[in-house]
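To start, the structure under review is shown below, and the notes come after it.
Every number in this text was worked out from the coordinates using simple rules, so none of it is lab data. Being a predicted model, the structure only gives us computed values, none of them experimental. Ideal geometry is used to build each Cβ from the backbone, glycine not excepted, and the neighbour counts take in all protein chains shown.
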Amino acid sequence: MVSDFDIVILGGGLNGAALACALAKGTHSVTVIEPRPPAPESEAWDSRVYAYSPGNADWIKSLGGWDDSVRAQAVYQMRIRGDAGGRLTFDALDAGLPELAWIAENNRLQASLWRAFQAAANVKAIAAKAEAVTWHPGGRHVLHLEGGDTLAARLLVAADGAHSWLRRQAGIGIRSEDYRHVGVVANFETEKTHRGTAFQWFRPDGVLAWLPLPGNRISMVWSTPPEHAAELQALEADALARKVAEAGGHALGELHCVTPAAGFPLVRRRAEQWVRPGLVLLGDAAHTVHPLAGQGVNLGFRDSRLLAGVLAKGGDPGEIGRLTAYAARRMEDVASMQFTTGGLKKLFTRGDGLTRRIRNLGMSLAGDFDPINQALTRHAVL
């Protein structure tokens, strides 16, 4: 037996689940395939914490995908410090905004999104792993699942992450650049109140960020060379807390480790094709960026927002013309962010004295010139 659907989303992470929520308001029949559905929420904190732009947070809330179980903290100010006295501050009040971003855990937001789309009559979820795909250009592609189920879809959505299985099955290549950095993450309790302030330091050993969480807690992301990342991950909890507090100049006093350190390699990726007839790559399956601007998940949500809008117009969801138009509109945003984050990473890893003085002077000038400061702030909140 082959089950027919209009749209099959392979991957039920944040981007795939958000797209399913948006499509729940339409008439398409939708199925989400995810071998590891979100587990019931526990009181333990998730080390995977992301910054969500107000535009994306408002969109998710409008879909019913951001419920009271999501432990979220608004960011009202962001303080950025260079490695030679450069200073840059973004403030929501100065920009006339209620907040600059929201910080929330991956697992709780994912679970909330799942509850929202599973309540819809036209969306279902299957906990299974895909084993094979049969391509039928101009017709319905067929997805074969572990256990024997077979699904036919007018549109397959690859939302299965940076190492996308579906992208590989389609034979789509990817261009990548290894940043030769590892993102080390951990959560901490803080001695002092953060007051909704995010911190970022450009240091000789990488980029250190503290993101505020509800209560006196922060999430740390330290983008650093592999050797230093290994040292951080090998530290005992108390030693890691002391190291991180010292690196941040004890801006929030002493720290206490809440979750152990984990690391993930940082790689810029861009798929050579984002769409084909009946196929679209979404989020990390199509592109990844350096996390120093906290925009990776936001780019993926903007993918989902636009794709949902395109598909809501009706007709054949796999028609190549509409998918090509979608990809063209998204590529500019992604290319701009990849250029910006990659350029900043390279700029702040050059150690010669002249470059250090110029980059820190530029940072301070941008912070002192209100039109530039406000323009940067407003781009980040989309």
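Just a few scattered comments:
- Protection-proxy order for peptides 328-336, 237-245, each taking the mean of Cβ atoms within 10 Å per residue, highest first: 237-245, 328-336
- Under-5 Å amide H pairs with Glu191, H placed in peptide plane, nonlocal only: Glu254
- In this rough spin-label picture, where each label sits 7 Å from Cα along the Cβ direction, the Glu231-Ser69 distance is 4.1 nm.
- If the segment from Ile320 to His136 were pulled out straight at 0.36 nm per residue, it would be longer than the present Cα-Cα gap by 64.9 nm.
- Under Karplus coefficients 6.51, -1.76 and 1.60, residue-wise ³J(HN,Hα) of the range 67-76 in Hz, glycine/proline x: 9, 5, 6, 6, 7, 10, 10, 6, 9, 9
- Think of the chain as having a plus end and a minus end, set by charges on the Cβ of Lys, Arg, Asp and Glu; of Gln169, Met1, Ala120, Gln169 sits farthest toward the positive end of this dipole.
- Spatially proximal aspartates and glutamates relative to Lys192 (Cα-Cα < 14 Å; intrachain offsets below 8 disregarded): Glu254
- Local charge for Arg108 was computed over the other residues whose Cβ lies under 12 Å away, with Lys and Arg +1 and Asp and Glu -1, and equals -3.
- Taking a ≥ b ≥ c as the square roots of the eigenvalues of the alpha carbon gyration tensor, the range 200-260 is oblate, as a/c is not under 1.5 and a/b does not beat b/c.
- Neighbourhood charge, 10 Å Cβ-Cβ cut-off, centred on Asn122 and excluding it, Lys, Arg +1 and Asp, Glu -1: +1
- Cα gyration tensor, the range 40-117 - rounded (a/c under 1.5), prolate or oblate: oblate
- Reach of Lys61 by Cα under 16 Å, taken over aspartates and glutamates that are not fewer than 8 positions away in the same chain: Glu99, Glu105
- Highest to lowest packing among 151-159, 96-104, 4-12, scored as the average C-beta count within 10 Å: 151-159, 4-12, 96-104
- Taken as Cα centroids, the range 82-113 and the range 264-286 sit 26 Å apart, rounded to the nearest whole angstrom.
- Here the spin labels are modelled as points 7 Å beyond Cα on the Cα-Cβ line, and at Arg175 and Phe264 they lie 2.4 nm apart.
- Estimated from helical segments only, the mean residue ellipticity of the chain at 222 nm is -10500 deg cm²/dmol, where each DSSP H run of four or more residues counts as -39500 (n - 2.57).
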